[in-house]
1. Using the structure shown, decide if ALA189 is closer than 14 Å to HIS137 by Cα and either open to solvent by less than 60 Å² (accessible area, probe 1.4 Å) or of a type in the set (A, V, I, L, M) (or both).
2. Looking only at region 239-247, decide whether some residue is among the aliphatic types (A, V, I, L, M) and farther than 23 Å from PHE135 by Cβ.
3. Out of the residues in region 216-260 that are charged (D, E, K, R), farther than 16 Å from ASP177 by Cβ and open to solvent by 70 Å² or more (accessible area, probe 1.4 Å), state the one that is modelled with the lowest pLDDT.
4. Within region 182-191, can one find any residue that is within 19 Å of GLN125 (Cα to Cα) and in a helix (DSSP H, G or I)?
5. GLY150 - would you say it is modelled with pLDDT of 90 or more and under 18 Å from the mean Cα position of the chain (by Cα)?
6. Read through the list (1) under 25 Å from ILE47 (Cα atoms); (2) open to solvent by 50 Å² or more (accessible area, probe 1.4 Å); (3) modelled with pLDDT under 95, then give the number of the only condition that ARG116 fails.
7. Within region 1-42, track down each residue that is loosely packed, with under 10 Cβ neighbours inside 10 Å, among the hydrophobic types (A, V, I, L, M, F, W, C) and closer than 27 Å to VAL108 by Cβ.
8. Going by the structure shown, is GLU66 surrounded by 16 or more Cβ atoms within 10 Å (Cβ to Cβ), modelled with pLDDT of 90 or more and out of contact with any Lys or Arg (no Cβ under 8 Å at 6 or more places or on another chain)?
Amino acid sequence: MGFNPLDHKGMPLDKQLRSTKEMVSEPYDARDIEPYAHCRIIAMNGIEVESIMFSHNFNRRIDLPEVKQKLAEGRRIEQQQQQRAVNWLIPATESTLEITIGYEQLAVDLTAWIARCEPDPYLTQVYEFGLLEDFDHLYRYAKSLRTARGQKADAVVQQLTEVMPGRPTTQHHRHPDNSIRKHYNKHTADPLSRLHALTITSAEQQTMNFYMNIGNRFLEPAARQLYAEIGMIEEQRATSCVATTDASRQKCFLPSFRTY
């Protein structure tokens, strides 16, 4: 069933405040959750975090008290209604590697779907290029899960996403200049292209932040190195995705995107 937000009456911000008990939801059962429900929780958390960080960045660039007040009010509600309520659904019983597999399953399937539906051929190439990297990240983390815990990634992805090698991670490292992509034209871009760029940017930034903060929690040197390496690649991916949303100019003089 389709969902049209314009068909639903909004709720005033002052009616959306929650108590701490209302914010902290009962976590899901890691043994029973449907894989795509797991992916949606991760994606929604990334979107809410991006919204909050965008609001903070916007706040630093203006000097209008009334606007700053509205931004602050919006951030308070966003943290309560989604970022806290959604992210706190993840249980403490789920291992970091299992959550990581969920992050990479989301990256593979979301990127594949967006590339399939993207109306702009250039942006399609950008997403398909990154998809090959996501496949390899999922494959490497799946091997790490098998080595560390003797557990197959199929227990997490439940065969909805194929775990297979992609472009080898050794080939992902590139000069920062090569992570910059052409942005869409803000005057002519299809609305779907805008939504795709914003959604994939939120997901990539959330993954980048997750790996930067969680990779040091492992004792095994191999696991720490794995998170450090793939975390670097996620920063490149976030750079590429952010570049597609930059519409400050109508023309871009960067060389055309090429796949390898």
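The values are calculated or read from the model by the stated rules, or taken from the named source; none is laboratory data. Please read these numbers as outputs of a predicted model, since none were measured by experiment. Every residue, glycine among them, receives a Cβ derived from its backbone with ideal geometry; neighbour counts consider all protein chains shown. Remember, those area values only see protein heavy atoms, side chains included, never the ligands or the DNA or RNA. Shrake-Rupley method; radii C 1.70, N 1.55, O 1.52, S 1.80 Å.
1. Values: closer than 14 Å to HIS137 by Cα: no; either open to solvent by less than 60 Å² (accessible area, probe 1.4 Å) or of a type in the set (A, V, I, L, M) (or both): yes.
No, not satisfied.
2. Looking for residues that are among the aliphatic types (A, V, I, L, M) and farther than 23 Å from PHE135 by Cβ, one finds at least one in region 239-247, hence yes.
3. Residues of region 216-260 that are charged (D, E, K, R), as a first pass: 217, 220, 224, 229, 234-235, 237, 246, 249, 251, 258.
Keeping just the survivors that are farther than 16 Å from ASP177 by Cβ gives 217, 220, 224, 229, 234, 249, 251.
Then keep just the ones that are open to solvent by 70 Å² or more (accessible area, probe 1.4 Å); that gives 217, 220, 224, 249, 251.
Details: ARG217: 91, GLU220: 92, ARG224: 95, ARG249: 43, LYS251: 40.
Result: LYS251.
4. yes
5. Details: modelled with pLDDT of 90 or more: yes; under 18 Å from the mean Cα position of the chain (by Cα): no.
Answer is no for this residue.
6. (3)
7. Residues of region 1-42 that are loosely packed, with under 10 Cβ neighbours inside 10 Å, as a first pass: 1-10, 12, 14-15, 19-21, 26, 31-32.
Then drop every residue that is not among the hydrophobic types (A, V, I, L, M, F, W, C), which leaves 1, 3, 6.
Correct list: MET1, PHE3.
8. Details: surrounded by 16 or more Cβ atoms within 10 Å (Cβ to Cβ): no; modelled with pLDDT of 90 or more: yes; out of contact with any Lys or Arg (no Cβ under 8 Å at 6 or more places or on another chain): yes.
Considered against the rule, which asks whether it is surrounded by 16 or more Cβ atoms within 10 Å (Cβ to Cβ), modelled with pLDDT of 90 or more and out of contact with any Lys or Arg (no Cβ under 8 Å at 6 or more places or on another chain), GLU66 comes out as no.
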